[in-house]
Amino acid sequence: MKHIRELWPYLKKSKKILIFALISSFLATSSKLAIPLIAGKAVNMMFIEGSSLSISSLSIYLVLMSTLLVVGIIFRFIFDYLTSLLGQNVTKSLRDEVYSSYLRSPISSIDSKEQGDLLQRLINDVENVQNGLVSGGASFFDGVVAILFTLGFMFSLNWALTLIVIVLTPISMLTSRFLSKWNSKYFKAQARSSGKMNSFVQEGLTNSVSVATLGLEKKREEEFKELNSSFKNDVYKASFGASLINPATRLVNSLINASIITCGAAFIIGGVNIGVIFAVGDLSAFLVYASSYMQPFTEISDVMSEISYAFASFSRIKEAIDTPLDKDNGKQIIEGAFAKISAKDVTFSYDNKRDIIKDFNVDVKKGTKVALVGPTGCGKTTLINLLLRFYDPQRGSFYANDVSTIDLKKKEYRTHLGMVLQDTWIFNGTVFDNIAYAKPNATLEEVKKAAIAAECDSFIERLPNGYDTLISDSGGLSTGQKQLLCVARVMLLEPEVIILDEATSNIDIRTESLLSSSFDRLMKGKTSFVVAHRLSTIVGSDLILVMKDGAIIERGTHKELLEKHGFYYELYSSQFSA
């Protein structure tokens, strides 16, 4: 019931469709189930009146049954169409909410989860809900309606036989429910294994070049076999449990049929008086209803495994939707120009055990170019994440114009910052769309101006359709060219604070030289933070912060740091030694 209550808001959005679907189910089922009753009455008349049954009387029965058959077919089509439409509406709503939750979740929440598992919830699990809870739920409801109508018609024919059916029915229901509940844990395990395997495969395909270069094919193959074996075992257990449901309910249904035939024959042959007229035609109709009565239980048992699997998927979807959203308690905005930014006693830890940043302090005035250098893992990128408020420090804070960034509205605060990452992000679309993505109302002239400033206009013009050329992240452009487009995207926005996180690490020396002048134009008069392994790119910085183990161990200009012959001197010398 909990899952039904949670699913109801999504069904409620298509309430009219749901109501018409339910009405169609009632009309389709009642029309279909009325036919055996009429046929039975016709058979009774043949036995009672013999050859005196007229052709006209028989024609009336045939026309009535044909009409009911056509009506049943029409409303069955309407029911199937509406439930399919309802399922797609629910699927869309769920997918919209899951993706929206991903976008609004803290970066820390996304970083802590496997990408394959996130995709599993967005795509496969939503499909499971559509197939199981919506389509399967529709079959379940349709089966319940069929059972109720069948019981009504059976009571009208012979209440004693009907009671026999009712007494034996709970055995079938309890058997199905017990097996479904017992099997639920295996479906959950199957969903988890599927998510792990998807994540592993995606990771391998994304990094296929590294795998081949390092000669890890055999190792990855063995790891995949282990995951696949675990997935196979989970699927086997879930499938085995599901396969028990149908045979068990069929066995019970067969026992019920045998009881009906035996008792019904006794009523007719033995002339047992139960207060109702029960003839051969009535028995034939009752047997049809008995079979119809059993069929919904069989269908329900068939979809119970799908519904159980869908419930497991829906739990994972709700977990994703109910993930706490990125908190933003800020109420202030930056008034006027972005004059300065500073950090006071900033300390941060990902796990609250080991500090990644320790007592970080710095004051940066407008127009200052700050470089962050140090060995891998010293906390450079973490500082950038804190500056952008992807994470918040446990102690201390960053300040913009003497206002704590925690007190600023995140969205408004980030409009003042522009970032170019080491990893490029190019989506399927035109060159123009990729550059103007963060500024939808940008004109072609503005986009070209940004491209010229980023030194990428020349290669864009050489593309087949210039700025209208379709590109993607997987092909068509070199890594350096894609990086230049990302730089142009930031230049178009003209933010007041520029952040370059290893922005030139994937660019060759020639392209880097092209970028140097454009970066100078981009950062002129603006505050900038540059994270770089190539120390040659930050020689002209106004302030270089040398970090180690999360703390600033040296600070100064390039010349000042070289004169100290300290850690920076060692780093710089190591890069230029033979």
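Loop sites here are GluC sites (Glu not before Pro) outside DSSP states H, G, I, E and B with no more than 16 other Cβ atoms within 10 Å. The longest part of the chain free of them is 336-578. Using the Kirkwood radius over C-alpha pairs as Rh, can you work out the diffusion coefficient of the range 340-576 via Stokes-Einstein at 10 °C, viscosity 1.306 mPa s, in µm² per second? D, rounded to a whole number, is 85 µm²/s. This model, with +1 at the C-beta of Lys and Arg and -1 at the C-beta of Asp and Glu, gives the chain a dipole about its Cα centre of some 1000 debye. When the alpha carbon gyration tensor of the range 269-388 is reduced to an equivalent ellipsoid, the three semi-axes, largest first, read 78, 18, 12 Å. Placing dummy labels 7 Å off each Cα toward the beta-carbon, the span from Lys564 to Cys263 is 9.5 nm.
Extension gain, Phe77-Ile19: 0.36 nm per intervening residue step, less the Cα-Cα distance, totals 19.3 nm. Each of the trypsin sites (Lys or Arg not before Pro) that DSSP puts in a loop and that has at most 12 other Cβ atoms within 10 Å breaks the chain; the longest unbroken stretch is 1-326.
Taking Cα atoms, how many degrees apart are the long axis of helix 217-269 and the longest axis of the chain, rounded to 10 and kept between 0 and 90? With both axes taken from Cα atoms, the answer is about 20 degrees. Ranking Gly143, Asn89, Ala453 by Cα position along the charge dipole of the chain, where only Lys, Arg, Asp and Glu carry charges on their C-beta atoms, puts Gly143 farthest toward the positive end. When the chain is described by a simple charge dipole with +1 on each Lys and Arg Cβ and -1 on each Asp and Glu Cβ, the residue from Phe153, Thr175, Val252 located farthest towards its positive end is Phe153.
Neighbour counts of C-beta atoms inside 10 Å place Ile261, Ile334 in the sequence Ile261, Ile334, starting with the fewest. Rounded to the nearest 10 degrees, the angle from helix 444-453 to the longest Cα principal axis of the chain is 50 degrees.
The ranking of Ser536, Ser14 from fewest to most other beta carbons within 10 Å of each one's beta carbon is Ser536, Ser14.
Can you tell me the FRET efficiency between Asn401 and Glu223 if r is taken as the Cβ-Cβ distance and R0 is 51 Å, rounded to the nearest 0.05? My answer for the efficiency is 0.50. Between Ser458 and Leu119, the modelled labels are 3.8 nm apart [label points 7 Å from Cα along Cα→Cβ].
So what's the gap between the Cα centers of the range 81-155 and the range 391-413, to the nearest angstrom? Using only Cα atoms to place each centre, the spacing works out to 40 Å. Here the range 340-576 is assigned +1 on the Cβ of each Lys and Arg and -1 on the Cβ of each Asp and Glu. Its dipole about the Cα centre then comes out at about 380 debye.
Extents of the chain, largest first, come to 120, 50, 49 Å (Cα atoms, principal axes, whole angstrom). Calculated mean residue ellipticity, 222 nm, the chain: -21500 deg cm²/dmol, from DSSP H runs (n ≥ 4) at -39500 (n - 2.57) each, averaged per residue and rounded to 500.
Note on the chain: dipole from Cβ charges, positive end direction compared against Leu484, Phe75, Phe360; the farthest Cα belongs to Phe75. Across the alpha-carbon set of the range 2-321, the Rg to Rh ratio works out to 1.13, Rh being the Kirkwood radius.
Only Lys, Arg, Asp and Glu carry charge here, each on its Cβ (+1 for the first two, -1 for the last two); on that basis the range 2-321 has a dipole of about 600 debye about its Cα centre. Remark: Met154, Met523 ranked as Met523, Met154, counting other beta-carbon atoms within 10 Å and listing the fewest first. Principal-axis analysis of the Cα atoms of the chain puts helix 509-523 at an angle of about 90° to the longest axis. Computed from label points 7 Å out along Cα-Cβ, the spacing between Tyr350 and Ser574 is 2.1 nm. Checking every one of the chymotrypsin sites (Phe, Trp or Tyr not before Pro) in the range 338-382 against DSSP loop status and a limit of 15 other Cβ atoms within 10 Å picks out Tyr350.
Every read-out reported here was derived from the displayed coordinates using simple, explicitly stated rules and does not represent laboratory data. Predicted, not measured: the structure shown is a model, and the values here were computed from it. FYI the Cβ positions are ideal-geometry reconstructions off the backbone, even for glycines, and counts take in every protein chain you see.
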